[in-house]
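First up is the structure itself, then whatever we jot down about it.
The values are calculated or read from the model by the stated rules, or taken from the named source; none is laboratory data. Values in this document were obtained by computation on a predicted structure and should not be read as measured data. Positions of Cβ are backbone-derived with ideal geometry, glycine not excepted, and every protein chain shown enters the neighbour counts.
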């Protein structure tokens with residue numbers, strides 16, 4: 001018989017909090033993690049605000065050995081290791097023994113691109129004819145799977161250790177991949193999550209595409225405006241989120257705390273057809289993904305209490321809300337609560353899905369729906385579809401039973417996962 | 001005197017690369033970096049770079065191939081330093 005899958009650990013390294021407590025506090029109170037970045041101004045970026053986790057050297061030293069710290073210049077890797085090891089600890093799990101890995105535990109930890117600053121450093125050395133000076137750290141910090149490899153070594157994981165990559169869908173996709181692997185009996189536990197580097201080399205391309213906001217360089221906390229009429233682009237972010245998914249049998253055997261159950265999910269693509277493109281989603285495919293997630297979870301549309309959207313604060317937010325409305329067949333007062341955490345953390349790109357899954361799951365523990373920020377001017381197209389009361393501007397007390405979380409990414413890819421309040 | 005100073009300096013360079021079960025006191029002039037000190041072969045490349053930085057010398061490919069033991073490293077360092085100081 002297929003085992004149920006539950007979430008037993010969470011870890012976070014986000015612009016608006018690098019511990020679960022600070023992160024929760026920020027989500028409850030709407031405290032922004034977005035700040036002005038002098039470096040982006042110096043480099044003539046149109047958008048000079050961004051979300052970067054606030055960590056100092058002392059904090060990093062707790063997670064890495066002195067040897068690992070030598071030549072470490074990969075921010076996403078740092079965020080991923082912090083969030084990943086914290087999630088493992090939060091789940092009450094320990095590192096494997098020195099002589100044998102933990103065969104039942106695996107890692108699916110995604111990223112878009114890893115160690116961009118390290119790669120830049122390497123490029124300068126290679127171009128100067130100094131390749132021999134790269135040392136041994138350049139490959140392991142710039143290979144995409146560097147993050148799962150680091151975590152695998154730290155924890156001693158003996159099951160599948162891999163890195164998935166599907167742009168802004170990465171984190172949510174990873175949760176569903178982990179769910180599938182545990183569900184099929186191939187692993188008892190998977191540490192899943194995703195990370196994304198900070199800095200101009202990651203964000204530059206988006207600035208060039210003119211999809212980042214340019215009018216808020218003096219008012220950073222107002223820059224990210226999901227669902228609002230004045231949304232003018234997404235604020236670039238970075239960080240990592242991590243979740244420990246575990247079979248219910250294993251969780252019970254350990255007496256682990258359970259945040260929520262993963263009921264199921266769906267992953268698909270719009271094939272860059274039917275209105276979909278490299279950068280825009282095929283709406284039909286988004287709707288199919290949501291419907292399929294419900295079906296795979298064995299629930300009906302009416303069971304969804306809350307949605308944590310992708311909602312990046314580009315002009316596409318109304319289209320996303322319409323897709324939810326059509327997929328669920330719900331609108332007006334009958335629409336579930338909906339929120340976007342990007343208003344305070346920016347768009348974490350490959351890290352977005354996992355950081356937001358962590359936030360969505362904390363709503364079960366807190367028995368709240370976290371409020372949205374920067375939507376004094378709700379987009380009129382959205383207001384036509386959804387009653388204002390369903391888009392809380394402040395955190396509200398509400399015990400959610402079922403939450404849907406979706407992420408959509410470049411390449412016309414979609415992922416939707418369904419979490420539910422755990423009941424034995 | 002100078003050699004002793006170089007030797008202590010080299011031990012300091014090697015120290016962070018030692019696995020947990022080997023201490024800096026286990027290092028002797030005859031120690032083989034990989035077989036006895038259990039240093040990861042990938043990290044030997046980093047030790048070479050650290051040696052270059054610390055002693056302001058450059059190791060050629062042949063030097064790197066020959067650098068198997070602490071003594072090998074000392075010989076290379078002494079040779080390079082003395083030709084530099086002449």
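Residue-by-condition table, conditions (1) assigned by TED's automatic domain parsing to the domain that holds residue A:9; (2) closer than 21 Å to residue A:36 by Cβ; (3) touching a helix residue (DSSP H, G or I) at 6+ places or on another chain (Cβ under 6 Å):
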{"site": "A:158", "(1), (2), (3)": "yes, no, no"}
{"site": "A:170", "(1), (2), (3)": "yes, no, yes"}
{"site": "A:198", "(1), (2), (3)": "yes, yes, yes"}
{"site": "A:203", "(1), (2), (3)": "yes, yes, no"}
{"site": "A:219", "(1), (2), (3)": "yes, yes, no"}
{"site": "A:227", "(1), (2), (3)": "yes, no, yes"}
{"site": "A:242", "(1), (2), (3)": "yes, no, yes"}
*Somewhere in the range A:36-58, is a residue more than 19 Å from the chain's Cα centre (by Cα), closer than 22 Å to residue B:19 by Cα and either within 14 Å of another protein chain (Cβ to nearest Cβ) or touching a residue at least 60 places away in the same chain (Cβ under 8 Å) (or both)?*
no
*Residues of the range B:28-47 classified as more than 13 Å from chain A (Cβ to nearest Cβ), surrounded by 14 or more Cβ atoms within 10 Å (Cβ to Cβ) and within 11 Å of the chain's Cα centre (by Cα), total*: 3
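Looking only at the range A:240-263, decide whether some residue is closer than 30 Å to residue A:43 by Cα, in contact with a strand residue (DSSP E or B) (Cβ under 6 Å, 6 or more places away or on another chain) and surrounded by 17 or more Cβ atoms within 10 Å (Cβ to Cβ). Give the derivation first.
Narrowing the range A:240-263 to residues closer than 30 Å to residue A:43 by Cα: A:240-241.
Those left that are additionally in contact with a strand residue (DSSP E or B) (Cβ under 6 Å, 6 or more places away or on another chain): A:240-241.
Narrowing further to those that are surrounded by 17 or more Cβ atoms within 10 Å (Cβ to Cβ): A:240-241.
Yes: one or more hits.
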*asked:* From the list A:173, A:121, exactly one residue is modelled with pLDDT of 95 or more and touching a strand residue (DSSP E or B) at 6+ places or on another chain (Cβ under 6 Å). Which is it?
replied: A:173
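Considering A:82, A:60, which residue is at pLDDT 95 or above, crowded, with 24+ Cβ neighbours inside 10 Å and closer than 16 Å to residue A:150 by Cα? Walk me through it before giving the result.
Details: A:60 fails: crowded, with 24+ Cβ neighbours inside 10 Å.
Exactly one of A:82, A:60 is at pLDDT 95 or above, crowded, with 24+ Cβ neighbours inside 10 Å and closer than 16 Å to residue A:150 by Cα, namely A:82.
Quick check, is residue A:142 more than 18 Å from residue A:189 (Cα to Cα), away from chain B (no Cβ under 14 Å) and under 23 Å from the mean Cα position of the chain (by Cα)?
Details: more than 18 Å from residue A:189 (Cα to Cα): yes; away from chain B (no Cβ under 14 Å): yes; under 23 Å from the mean Cα position of the chain (by Cα): yes.
For residue A:142, the condition - more than 18 Å from residue A:189 (Cα to Cα), away from chain B (no Cβ under 14 Å) and under 23 Å from the mean Cα position of the chain (by Cα) - is met.
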_Residues that are in contact (Cβ under 8 Å) with a residue 40 or more places away in the chain, more than 21 Å from the chain's Cα centre (by Cα) and over 22 Å from residue A:311 (Cβ atoms), drawn from the range A:219-254_ = A:247, A:248, A:249, A:250, A:251, A:254
*Take the residues in the range B:49-65 that are touching a helix residue (DSSP H, G or I) at 6+ places or on another chain (Cβ under 7 Å) and over 25 Å from residue B:1 (Cβ atoms), then tell me which one is nearest to the other protein chains (Cβ to nearest Cβ).*
B:49
*For residue B:25, are the conditions met, namely being surrounded by fewer than 18 Cβ atoms within 10 Å (Cβ to Cβ), more than 9 Å from chain A (Cβ to nearest Cβ) and touching a strand residue (DSSP E or B) at 6+ places or on another chain (Cβ under 9 Å)?*
no
*Only residues that are surrounded by 19 or more Cβ atoms within 10 Å (Cβ to Cβ) and either within 13 Å of chain B (Cβ to nearest Cβ) or assigned to a loop (DSSP other than H, G, I, E, B) (or both): list them for the range A:99-120, please.*
A:112, A:114, A:115
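Among the listed residues B:71, B:78, which satisfies the condition of being more than 14 Å from chain A (Cβ to nearest Cβ), over 26 Å from residue A:140 (Cβ atoms) and touching a residue at least 60 places away in the same chain (Cβ under 8 Å)? Even if it seems obvious, please write down each step before you answer.
Numbers: B:71 fails: touching a residue at least 60 places away in the same chain (Cβ under 8 Å).
Matching residue, one of B:71, B:78: B:78.
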